[in-house]
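Below you'll find the structure, written out as structure tokens, and then a few comments.
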Amino acid sequence: MAFDLTSSATYLSSLLARGFARSFQERAASLGFSPGQYPILVALWAEDGLTQRQLVDRLDIEQATMANTLTRMERDGLVERRPHPSDKRAQLLFLTDRARAMQEEAEQAARAAEDAMFSGFRRFERELVLEYMRWLVENARKLEEDPQTLPGPISERKQIPV
């Protein structure tokens with residue numbers, strides 16, 4: 001019997017990630033950033049002046065990917081680097097006026113991209129999908145840290161009284 005890709009969470013998650021990225025790509029490009037830069041923008045909109053290490057830790061992005069993305073963002077006039085006041089090896093990253101000014105439109109673009117992907121879903125279905133996605137992400141993190149930490153099949157799990 002052939003392996004059915006539509007039964008593979010790995011395959012479907014890859015398609016889903018590409019779908020969300022495509023849905024967001026055009027909207028983001030019209031504002032002057034890429035979907036991969038959006039999490040960094042969100043983090044800096046929440047707290048400007050973080051170090052690259054802080055961004056890596058908060059966003060769970062590989063160090064090399066973060067460095068390359070920040071270089072492009074600096075080139076594109078979205079962030080600027082400033083010396084860290086107490087750590088000569090580190091630099092603080094600040095949004096430019098241009099990046100700060102695009103926050104509302106960027107957030108609207110992200111919402112529009114998600115709304116397009118969730119077309120036809122009822123509110124509770126959307127929330128349920130998001131909850132399952134968060135659960136999967138948490139399992140992936142645990143698996144990355146220690147493959148033995150995840151519980152077995154549901155039938156083997158200890159039942160929690162309700």
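Computed from the coordinates by the stated procedures, all read-outs in this text should not be read as laboratory data. Everything numeric in this text was worked out from a predicted model, so none of it was measured. Every residue, glycine as well, gets a Cβ built from its backbone with ideal geometry; the counts of neighbours run over all protein chains shown.
So here's what we get for this one:
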{"item": "Arg122-Gln108 pseudo-label distance in nm [points 7 Å out on the Cα-to-Cβ vector]", "result": "3.1"}
{"item": "Most fluctuating residue given options Leu31, Leu136, Leu78, as computed from a GNM of the chain linking Cα atoms under 10 Å", "result": "Leu136"}
{"item": "Of Ser34, Leu92, Ala109, farthest towards positive along the dipole that unit charges on Lys, Arg, Asp, Glu beta carbons give region 21-120", "result": "Leu92"}
{"item": "Residues whose placed amide H lies under 5 Å from that of Val79, excluding near-sequence neighbours", "result": "Glu74, Thr96"}
{"item": "Helical contribution to [θ] at 222 nm, DSSP H n ≥ 4, -39,500 (n - 2.57), averaged over the chain, rounded to 500", "result": "-19000 deg cm²/dmol"}
{"item": "Gained length - Ser8 relative to Ser34, 0.36 nm times residue gap less alpha-carbon distance", "result": "6.5 nm"}
{"item": "Rounded to the nearest 20 debye, dipole of the chain from Cβ charges on Lys, Arg, Asp, Glu", "result": "140"}
{"item": "Long-range HN-HN contacts of Leu92 with modeled amide H, under 5 Å", "result": "Arg82, His84"}
{"item": "Equivalent-ellipsoid semi-axes of the chain, from the Cα gyration tensor, Å, largest first", "result": "34, 22, 15"}
{"item": "Region 1-89 shape via C-alpha gyration tensor axes, a/c threshold 1.5", "result": "prolate"}
